[in-house]
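> This structure is in structure tokens; I'll ask about it shortly.
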Amino acid sequence: GAFTQYATPVLRANCTSCHGDPNNAAAQTALNLASVQVDTVTQQTAGCNLVKRKMSANAAASPLFAVCNPPQAAAAGHPFNFGGDINAYNAFRGQVLLWYVAE
């Protein structure tokens with residue numbers, strides 16, 4: 001589906017090293033993406049539903065994006081900010097929004 005096609009690759013590349021790590025309690029509590037790392041339909045569906053719940057009614061302004069936006073990440077207390085690369089952030093955001101719109 002759209003989640004597996006668009007969102008899973010960028011979430012794995014940018015988020016699951018912390019949010020999928022069972023030893024990172026803070027990241028797991030904020031958003032547990034362990035299911036995104038497993039290629040079964042059941043786990044991808046679970047990941048899709050979890051991320052969908054984190055999206056706001058205005059998906060483009062979702063907290064999912066605000067916390068890792070390079071200019072805002074430090075103020076949000078989020079340690080990951082795409083190395084300050086706004087183009088990498090925009091590519092991530094674009095892929096996740098492609099999934100969200102397709103759903």
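The values are calculated or read from the model by the stated rules, or taken from the named source; none is laboratory data. Treat the numbers as computed from the prediction; the structure is a model and nothing was measured. Neighbour counts are summed over all protein chains in view; Cβ atoms, including those assigned to glycine, are modelled from backbone coordinates with ideal geometry. To get the accessible areas, we keep the full protein, side chains included, count just its heavy atoms, and leave off ligands, DNA and RNA. Shrake-Rupley method; radii C 1.70, N 1.55, O 1.52, S 1.80 Å.
> I'm told A57 meets every condition in (1) more than 13 Å from the chain's Cα centre (by Cα); (2) modelled with pLDDT of 85 or more; (3) open to solvent by 70 Å² or more (accessible area, probe 1.4 Å) except one. Can you identify the failing condition by its number?
Among (1) more than 13 Å from the chain's Cα centre (by Cα); (2) modelled with pLDDT of 85 or more; (3) open to solvent by 70 Å² or more (accessible area, probe 1.4 Å), the lone unmet condition for A57 is (2).
> Among the numbered conditions (1) modelled with pLDDT of 90 or more; (2) over 15 Å from G1 (Cβ atoms); (3) under 12 Å from the mean Cα position of the chain (by Cα), tell me where N87 comes up short.
Going through the list (1) modelled with pLDDT of 90 or more; (2) over 15 Å from G1 (Cβ atoms); (3) under 12 Å from the mean Cα position of the chain (by Cα), N87 breaks only (3).
> Pull up the stretch 90-103, narrow it to residues that are open to solvent by 40 Å² or more (accessible area, probe 1.4 Å) and assigned to a helix (DSSP H, G or I), then point me to the one that is farthest from Q5 (Cα to Cα). Let's see the steps before the verdict.
Filtering the stretch 90-103 down to residues open to solvent by 40 Å² or more (accessible area, probe 1.4 Å) leaves 90-91, 93, 95, 98, 100-103.
Imposing the further condition that a residue be assigned to a helix (DSSP H, G or I) reduces the set to 90-91, 93, 95, 98, 100-102.
Working: N90: 17, A91: 14, R93: 14, Q95: 9, L98: 9, Y100: 11, V101: 13, A102: 10 Å.
This residue is N90.
> Quickly run through the stretch 64-85 and pick out the residues that are open to solvent by less than 70 Å² (accessible area, probe 1.4 Å) and not in a loop (DSSP other than H, G, I, E, B).
L64, F65, A66, P70, A73, A76, F82, G84
> Just the residues that are assigned to a loop (DSSP other than H, G, I, E, B) and closer than 17 Å to N49 by Cβ, please, taken from the stretch 1-30. Show your work before the answer.
Of the residues in the stretch 1-30, the ones assigned to a loop (DSSP other than H, G, I, E, B) are 1, 15, 20-24.
Across the stretch 1-30, the qualifying residues are G1, C15, G20.
> Restricted to the stretch 22-54, and to residues that are farther than 19 Å from A2 by Cβ and open to solvent by 50 Å² or more (accessible area, probe 1.4 Å), which residue is farthest from the chain's Cα centre (by Cα)?
N23
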